[in-house]
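Derivation of every value follows stated rules applied to the coordinates shown; laboratory data play no part. Because the structure is a prediction, the values reported are computed rather than measured. Heads up, the Cβs are rebuilt from the backbone with ideal geometry, glycines too, and the neighbour counts pull from every protein chain shown.
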Amino acid sequence: MAGLSAEDWTAFALTMRLAATVTVLLLLLGTPLAWWLARGRTAWRRPVSALVTLPLVLPPTVLGFYLLLLLGPHGAGGRLTTALGLGTLPFTFAGLVVASMLYSLPFVVQPLQNAFEAIGQRPFDVAASLGAGPLDRFFSVALPLAWPGFLTAAVLGFAHTVGEFGVVLMIGGNIPGQTRVLSMRIYDHVEAGEYLQAHALSLYLLAFSFAALLAMHLLRPRRLIAHD
Amino acid sequence: MTEVAAGLQVQLQYQRGEFALNVDINVPSRGITALFGPSGAGKTTCLRAIAGLDPDIAGRIAFAGDVWQDSSTRRLVPAHQRRIGYVFQEASLFPHLSVSGNLDYSQRRARGNGPVDHKVWLEQFGVDRLLARKVGSLSGGERQRVAIVRALLSDPALLLLDEPLSALDAPARSELLGCLEQLHADLAVPTIYVSHAIDEVARLADHLVVMEAGRVLSQGSLQSILAHGELPRVMSDQLGVVIEGQVVAQDQVDHLIELAFAGGRLWLPQRAERVGDRLRCRISARDVVLSTSAPATGSSALNVIEAVVAGRMEAAHPSQCIVRLDVHGTALLASITRRSWRSLALAPGSHVWAQVKATALGT
């Protein structure tokens, strides 16, 4: 690709690595959470659901600020990670992963929750009457019927992580190869008056985001994605 | 109270809003037991509780000596461990699997010991021709046939059918009813059949549990419950008896068969029956005309049966009453106006002739 410097490429590769890591981790953690939110029977569902959707309305800087306090050397999280021998997370790739996971959580959990809810009770009743236990029902009924939700969740989680800026700014800083992601790199270019480079990166990001969303819509022919 | 080891015992108490359920049902270990009643009677609620699909319903459920649920000891065997087959009102095939995928799903989880001879059922229900099809391309009747075979392949110890015909059009319904009749003859597994259609119940059921507004109105053998006319008031237009007998003659020219039963003989339209077949015939109370003298030869009714009036019941409409008749031990019901009852001076013990149109018997 023309117009990209070695540093731009480093930022690009880092962004992809971050988005892929976050997406995989979120799918693993978000699936049981979404399952519980969709089918749990306790009163805790609503407050937890509100908490999960909080990053949708919160300015990323607010989230990043509190994470900085929490995970910093004087925060509870920071003391825990130090005691575990992990050091403090802010201004590291791991810290960026944790922050991005929180920030992108609703974009993964909500499509999964919607997909699980859309299945309804009937297929699970049928499976139970045919002798399928709870775990069997999850793998033989819920997963295959909810796969469009997984596709949406993966694409949205990935694309949203690629596009984040505020959280990175607060907790990641701007360390090349560690926390300098594409959005930071574009900001740097603009700050330095390098509009041509900023243009090139921005266009790539725009094209990538559009392609990802288009692919998602093409792969789900039946109904459009819905998240609010 | 001693526990009957065989069969199914169900005691349920349940309240949700206006609807209250309070039932004590006994299901014999053989044959088809119909849960019969108008919509809103609580039939499906009972069936779901028996299957273990509604754990909120309190009560006690025991099957063949195993306690499936006992709210007093907080015992609750989950649905997937109850070895039931459940067929829902609307087809409920897994949309992500083909027909054969749906059947495999069931067969892989079959809970019985011996191998299930599934080929017979595939052919009997015409499912063998559908195996490669996608679920979405099936007609309503085909889906329900697949759903029934799928339930059978899981090798259930108790089969639960929740109005399996109610979502079908008339031809599909009639076809599937025939399949179920055949199944009734072949299958040893006790079956509970929920329905609000008397013709289905009359053809399939051996035992009847009549329900209304969350309560059991009566339960017992099909013939005796129907003969006593113990149906909910709103269903009194469905009153009638079921007579079981043997085909003793057939008239090839007029396409009629003659059925011999304990109290006499009846002519009815021939479907596919042959001489020697055993047959059930429902005689609706509305289709019986009474006269106090032997009808003249000028009547079109093919069947004239001598009977004795055994009693009288009130009907839903104030103009009518239901007359219970005794035909040499076989019960018959006739729905007539109160005016006729008076003008014919009928009373228990009266000698009457009951006329039944053969065309009314073509169920």
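Summary value for chain B: 16 percent relative contact order, contacts being C-alpha pairs under 8 angstrom separated by 6+ residues.
In plain terms, the residue of A:122, B:150, B:203 with the fewest other Cβ atoms within 10 Å comes first and the most crowded comes last, giving A:122, B:203, B:150. Sparsely packed loop sites in region A:1-60 (the trypsin sites (Lys or Arg not before Pro) outside DSSP H, G, I, E and B with at most 13 other Cβ atoms within 10 Å) comprise A:41. Just checking the listed ones, A:70, A:169, A:37: in the Gaussian network model of chain A with Cα springs under 10 Å, the one fluctuating most is A:70. Each part gets one Cα centre, and for region B:266-314 versus region B:108-174 those centres are 36 Å apart. This model, with +1 at the C-beta of Lys and Arg and -1 at the C-beta of Asp and Glu, gives the protein assembly as shown a dipole about its Cα centre of some 500 debye.
With a cut-off of 16 Å on the backbone N, the residues of region B:190-229 near the modelled label site 7 Å out from residue B:24 along Cα-Cβ are B:210, B:215-220. For region B:3-232, the normalised intensity computed at q = 0.07, 0.09, 0.12 Å⁻¹ comes to -0.21, -0.36, -0.65 (log10 of I(q)/I(0), Debye sum over alpha carbons, equal scatterers, no solvent). Look at B:236, B:218 and count the other Cβ atoms within 10 Å of each Cβ; fewest to most, that gives B:218, B:236.
Among the trypsin sites (Lys or Arg not before Pro) in region B:214-297, those placed in a DSSP loop whose Cβ has at most 14 other Cβ atoms within 10 Å are B:271, B:274. If a/c stays under 1.5 just call it rounded; otherwise compare a/b with b/c (prolate if a/b is bigger, oblate if not). Do that for chain A, with a ≥ b ≥ c from the square roots of the Cα gyration tensor eigenvalues. Here chain A falls in the oblate category. Tell me which trypsin sites (Lys or Arg not before Pro) from region B:12-52 have a DSSP coil assignment and no more than 16 other beta carbons within 10 Å of their own. Those satisfying the criteria are B:30. Roughly what angle does helix A:147-162 make with the longest principal axis of chain A, taking Cα atoms, 0 to 90 degrees, to the nearest 10? On a 0 to 90 degree scale, this one is about 20. Estimated from the Cβ-Cβ distance and a Förster radius of 60 angstrom, the FRET efficiency linking residue B:213 and residue A:187 is about 0.30.
Averaging the sequence gap over all C-alpha pairs within less than 8 Å and six or more residues apart, then dividing by the number of residues, gives region A:6-221 a relative contact order of 31 percent.
Amide H contacts of residue B:98 (H built 1.01 Å from N, in plane; Pro and chain starts excluded): no residue 5 or more places away or on another chain comes under 5 Å.
Each residue in B:225, A:119, B:50 was given a count of other beta-carbon atoms within 10 angstrom of its own, and listing them fewest first yields A:119, B:225, B:50. Once you reduce region A:8-31 and region B:7-23 to the center of their Cα atoms, the two points are 53 Å from each other.
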